[in-house]
1. Please list 3J(HN,Hα) in residue order for the stretch 42-49, calculated via the Karplus relation 6.51 cos²θ - 1.76 cosθ + 1.60 where θ = phi - 60°; whole Hz, with x for glycine and proline.
2. Within the stretch 33-135, list the GluC sites (Glu not before Pro) lying in a DSSP loop whose Cβ has at most 13 other Cβ atoms in a 10 Å radius.
3. How much length is gained on full extension from Trp13 to Asp157, taking 0.36 nm per residue of separation minus their Cα-Cα distance?
4. What are the residues whose amide H is under 5 Å from the amide H of Glu143, where those residues sit 5 or more places off or on another chain and H is modelled from the backbone?
5. Taking neighbour counts of Cβ atoms within 10 Å as a proxy for exposure, in what order, fewest first, do Asp119, Asp112, Asp152 appear?
6. Search the structure for amide H atoms under 5 Å from the amide H of Gly73, placed 1.01 Å from N in the peptide plane, and list their residues when 5 or more places away or on another chain.
7. Please find, in a Gaussian network model of the chain (springs between Cα atoms separated by less than 10 Å), the residue of Val134, Val61, Val116 whose mean-square fluctuation is greatest.
8. Go through the stretch 77-82 residue by residue and turn each phi into a ³J(HN,Hα) via Karplus (6.51, -1.76, 1.60, θ = phi - 60°); whole Hz please, and just put x for glycine and proline.
Amino acid sequence: MDLKETIRSIPDWPIKGVIFRDLTTLMQDPDAFKESCDVLYERYKDQNIDKIVGIDARGFVFGAVLAYKLEIGFIPVRKKGKLPYKTIEETYSLEYGEDTLEIHEDALGKDDKVIVVDDLIATGGTVGATVSLVEKLGAQILECAFIVELPDLKGRDKIKNCKVFSITKFEGE
């Protein structure tokens, strides 16, 4: 199955000039959703991973499924003001603005080995902030995993110290 065919492209959203890749259509398709989750599981099932770190909001969908299948814990990284306990935060730029992410200060231990999961990597701002938060807590990131990558936006460049895996890419599109 070509997962790209299940992803809706919305031109000029949220601002003119941006083509938004909407993965809700992939998640609505049971075969595409299962395939995406299975690819991630097959990639990580034999690695020594302690936790999955999922990025707000669609990273929760894929990350939680992966954590469940691997029988390990799931750690949410949320937008500012959404976590109820003591947090650390990181502000970042994205292609159409600025935002802040937070993680509970006790979410990860030193020496925890984690995979960071999100639905899409574009400019790398969100995942770069998440990597910074995870590193501040002393955990080791084995890889950052995405369903979709937009290589033209060079998001990988913001996370040079981490391996990056993506299932599908929209290049030059």
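1. 4, 5, 10, 5, 9, 9, 8, 9
2. Glu71
3. 49.4 nm
4. Correct list: Val116.
5. Asp152, Asp112, Asp119
6. Those qualifying (amide H under 5 Å, at least 5 residues apart or on another chain) are Ile52.
7. Val61
8. Result, ordered by residue: 9, 10, 5, 3, x, 9 Hz.
Values in this text are rule-based calculations from the coordinates and carry no lab data. Everything numeric in this text was worked out from a predicted model, so none of it was measured. Every residue, glycine as well, gets a Cβ built from its backbone with ideal geometry; the counts of neighbours run over all protein chains shown.
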